[in-house]
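Q: This is the structure I have questions about; it appears just below.
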Amino acid sequence: MTIARTSPPAKLNLFLEIPARRDDGYHEIDTVMAAIDWRDELEIESIPQPRIELTADWLPSVESVAGELGLDAGQGRVPELLRIPTDDSNLVVRALAAFRTQFGVQTGFRVRLGKRIPAGAGMGGASSDAAHAIDCAAQIHQFDNETKVLHGIASSIGSDVPFFLADRDCQSVMAAHATGRGELLSPLGDCPSIHFVVAYPSRSLSTAGVYAQLKVPERAVSSTSFLQALGRGDRERMGQAMMNRLTGPALKILPQLNELLESLWQCGLQPCQLTGSGSACFGIAKDVEQAKEIVKRLETELQPGVLLRVAQTVPAATPIEIEPS
Ligand SMILES: C[C@@](CO)(OP(=O)(O)O)[C@H](O)COP(=O)(O)OP(=O)(O)OC[C@H]1O[C@@H](n2ccc(N)nc2=O)[C@H](O)[C@@H]1O
Ligand SMILES: Nc1ncnc2c1ncn2[C@@H]1O[C@H](COP(=O)(O)OP(=O)(O)O)[C@@H](O)[C@H]1O
């Protein structure tokens with residue numbers, strides 16, 4: 001049976017405004033998302049049995065990730081923060097189940113998921129895994145031309161999932177403007193390559209919990225200025241126009257995020273902000289050298305337990321390697 005392999009990337013919300021609450025329990029959003037090279041690993045094998053099997057492990061190991069986060073992973077114990085569900089609450093399982101139903105596929109899938117992207121971080125790790133699982137399944141079963149149907153499956157799994165889906169017309173798109181509840185996408189062909197420092201504190205935040213704390217603004221800020229600055233590659237203007245409306249709500253739940261943002265700012269990461277509903281924060285560096293220097297400095301200045309990475313923009317949909325068996 002065929003095996004598909006790919007490396008789902010994380011995302012950062014460079015701009016996030018929330019103009020309105022909707023009647024369906026969601027919010028209208030106005031966001032600019034960029035994919036970055038902080039990646040999970042996904043391997044999907046077609047199996048004759050009509051079921052979905054999933055195993056998930058941290059890379060390079062749970063002990064090493066726990067160590068960086070200052071958590072105890074002794075004697076095979078997986079800390080609460082690093083527990084990845086392997087039942088049908090995993091978005092990969094939900095996405096593949098929806099795919100089988102949609103296309104009437106009788107066979108099943110065996111999935112091996114290697115996690116590097118922290119969960120509950122606002123980095124869209126689970127969404128990216130789900131989108132890439134849909135793309136893998138579509139390639140295995142040769143439904144990859146069914147772009148609209150695949151988009152429908154993706155948006156039924158989560159608002160952020162369609163951003164990570166392969167789009168045959170714009171394979172190399174690194175950033176998109178997203179509206180609706182996040183599923184209406186306009187790819188930004190002119191996104192420059194950007195270097196970031198990303199910091200994940202050893203706490204996760206629930207997306208629904210953060211939205212629940214939000215009071216929608218009386219006058220929403222439009223993403224137009226940010227998009228113009230991004231299109232021109234004007235970092236100074238981009239910095240002035242960056243924002244995230246979920247910062248206040250996330251800080252209500254996790255006030256310590258203020259200190260993390262302050263540390264990024266003091267290190268020269270100006271601008272810096274929360275991504276999505278948090279808890280990860282990021283700043284834009286001038287270049288990769290500056291990003292690396294800042295990470296070194298933060299490693300000594302910050303309390304242990306903050307995961308720090310240098311990252312850069314990459315295409316949101318990663319190519320899939322197919323191995324026939
Ligand atoms: C905040 C953002 C910004 O990109 O990202 P994350 O922090 O999750 O990465 C997204 O809006 C999150 O999208 P996603 O994580 O796919 O959320 P979903 O599973 O669709 O929804 C989870 C819950 O978040 C709230 N929600 C989500 C999206 C939206 N436009 N309005 C909402 O109010 C709803 O309470 C919903 O029940
Ligand atoms: N493939 C997956 N990887 C990680 N977490 C997952 C996955 N599928 C479902 N989850 C659950 O979804 C929750 C939030 O996932 P995630 O999308 O990474 O959050 P966010 O985008 O807010 O950072 C996690 O707490 C986890 O329990």
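No value in this document is a laboratory result; all are computed from the given coordinates. Just so you know, these numbers come straight off a predicted model, no measurement behind them. All Cβ positions, glycine included, derive from the backbone under ideal geometry; neighbour counts span all protein chains shown.
Q: Nearest 10 degrees, 0 to 90: what angle lies between the long axis of helix 257-266 and the longest principal axis of the chain (Cα atoms)?
A: 60 degrees
Q: Another question, if that's okay. Please determine, in degrees from 0 to 90 and to the nearest 10, the orientation of helix 91-103 with respect to the longest principal axis defined by the Cα atoms of the chain, where the helix direction is its Cα long axis.
A: 40 degrees
Q: Using the crude model of +1 on Lys and Arg Cβ and -1 on Asp and Glu Cβ, and no other charge, please compute the dipole size for the chain relative to its Cα centre, in debye to 20.
A: 460 debye
Q: Can you compute log10 of I(q)/I(0) for the chain with the Debye formula, treating each Cα as one identical point scatterer, at q = 0.07, 0.08, 0.14, 0.15 Å⁻¹?
A: -0.27, -0.35, -1.11, -1.26
Q: Moving to a separate point now. Return the aspartates and glutamates within reach of Lys148: Cα separation strictly under 15 angstrom, same-chain partners fewer than 8 residues apart disregarded; answer none if there are no such residues.
A: The qualifying aspartates and glutamates are Asp135, Asp167, Asp169, Glu183.
Q: Where the Cα atoms of the stretch 83-195 are projected onto their three principal axes, how long is each span, largest first, in whole Å?
A: Here the spans come out as 42, 35, 24 Å, largest first.
Q: Could you state the principal axis extents of the C-alpha atoms in the stretch 138-268, from the largest down, to the nearest angstrom?
A: Result for the stretch 138-268: principal-axis Cα extents of 50, 35, 33 Å.
Q: Taking only C-alpha pairs under 8 Å that are 6+ residues apart, what is the relative contact order of the chain in percent?
A: Numbers: 704 pairs, mean separation 90.5, N = 325.
Contact order relative to length: 28 percent.
Q: Here's another thing I want to ask about it. Please identify, among Gly125, Gly268, Gly278, the residue showing maximal mean-square fluctuation in a Gaussian network model of the chain using a 10 angstrom Cα cutoff.
A: Sorting by GNM fluctuation, first place goes to Gly268.
Q: Mind giving me the FRET efficiency for Asp37 and Trp265? R0 is 22 Å, r the Cβ-Cβ distance, nearest 0.05 is fine.
A: Efficiency, rounded to the nearest 0.05: 0.40.
Q: While we're on this one: Once you place label points 7 Å from the Cα toward the Cβ at Arg77 and Gln228, how far apart are they in nm?
A: The two pseudo-label positions are separated by 5.6 nm.
Q: For the pair Ser193 and Arg297, what calculated FRET efficiency results from E = 1/(1 + (r/R0)^6), where r is the Cβ-Cβ distance and R0 = 22 Å, to the nearest 0.05?
A: Values: r = 23 Å, r/R0 = 1.04.
That gives a FRET efficiency of 0.45.
Q: Would you mind getting me the FRET efficiency between Glu68 and Asp287? Use the beta-carbon distance for r and R0 = 25 Å, nearest 0.05. Mind dumping the intermediate values first?
A: Working: r = 25 Å, r/R0 = 0.99.
My answer for the efficiency is 0.50.
Q: Say each of Ala119 and Glu323 gets a label point 7 Å from the Cα, pointing the same way as Cα to Cβ; how far apart are those two points in nm?
A: Taking the two extended label points, one gets 2.6 nm.
Q: Moving to a separate point now. Taking 8 Å as the Cα distance limit and 6 or more residues as the minimum spacing, I'd like the relative contact order of the stretch 255-325 as a percentage. The partial results should precede the final answer.
A: Values: 48 pairs, mean separation 15.3, N = 71.
Across the stretch 255-325, relative contact order equals 22 percent.
Q: Going Cα to Cα from Lys292, which lysines come in below 30 Å? Please leave out same-chain ones fewer than 8 positions away.
A: Leaving aside lysines fewer than 8 places away in the same chain, those within reach of Lys292 are Lys11, Lys115.
Q: Under a crude label model (7 Å from the Cα following the beta-carbon direction), how far is Glu218 from Met243 in nanometres?
A: The two pseudo-label positions are separated by 1.4 nm.
Q: Rounded if a/c is under 1.5, else prolate if a/b beats b/c, else oblate: with a ≥ b ≥ c from the C-alpha gyration tensor eigenvalues square-rooted, which is the stretch 1-130? Mind dumping the intermediate values first?
A: On the way: a/c = 1.88, a/b = 1.07, b/c = 1.76.
In terms of gyration-tensor shape, oblate.
Q: Okay, helix-only estimate at 222 nm for the chain: each DSSP H run of n ≥ 4 adds -39500 (n - 2.57), divide by all residues, round to 500 deg cm²/dmol; what do you get? Intermediate values should be presented prior to the final figure.
A: Values: 10 runs with 100 residues, N = 325.
For the chain, the value works out to -9000 deg cm²/dmol.
Q: Also, I was wondering about something else. Measure nothing fancy, just the Cα-based angle from helix 288-301's long axis to the longest principal axis of the chain, in degrees from 0 to 90, nearest 10.
A: 80 degrees
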